[in-house]
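Enquirer: Below are the structure tokens for one structure; questions will follow.
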Amino acid sequence: MSDNDDFNKGSGNPDIGRELTRFFIGLLEDGEALRRYYDRDTREEFIGNQGLSEEAARLVLGGSLNDIEEHILAVPGSYAKPLVIVWPAM
């Protein structure tokens, strides 16, 4: 990894970044999961059943895009950046 690559890495936890990456990719792959994520009545239960760590679940439920991005960018070899995450109106 070059010095420039180190500069661009996030300051978060790479394990949480991997969890968040899997979670958001899973939503894109499964229309029913995406529907449950956006359903106000099932959202918290759905997220709670995803096997996420407490910190990852907290971020998914209400963390800032910047906080989520820092964890995803901390994954070695990853240059992924969430461009937009649309939170449902509560």
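Enquirer: Quick check: anything in the range 12-32 modelled with pLDDT under 90, part of a loop (DSSP other than H, G, I, E, B) and open to solvent by less than 30 Å² (accessible area, probe 1.4 Å)?
Expert: For the range 12-32, residues modelled with pLDDT under 90, part of a loop (DSSP other than H, G, I, E, B) and open to solvent by less than 30 Å² (accessible area, probe 1.4 Å): absent.
Enquirer: Can you tell me which residues in the range 36-80 are of a type in the set (A, V, I, L, M), open to solvent by 30 Å² or more (accessible area, probe 1.4 Å) and either touching a strand residue (DSSP E or B) at 6+ places or on another chain (Cβ under 7 Å) or not in a loop (DSSP other than H, G, I, E, B) (or both)?
Expert: Hits for the range 36-80 are Leu61, Leu65.
The values are calculated or read from the model by the stated rules, or taken from the named source; none is laboratory data. What you see is a predicted model, and the numbers here were worked out from it, not measured in a lab. Because the Cβ atoms are built from the backbone with ideal geometry, glycine has one as well, and the counts that use them run over all protein chains shown. Areas reflect the complete protein model, heavy atoms only, side chains present, ligands, DNA and RNA absent. Shrake-Rupley method; radii C 1.70, N 1.55, O 1.52, S 1.80 Å.
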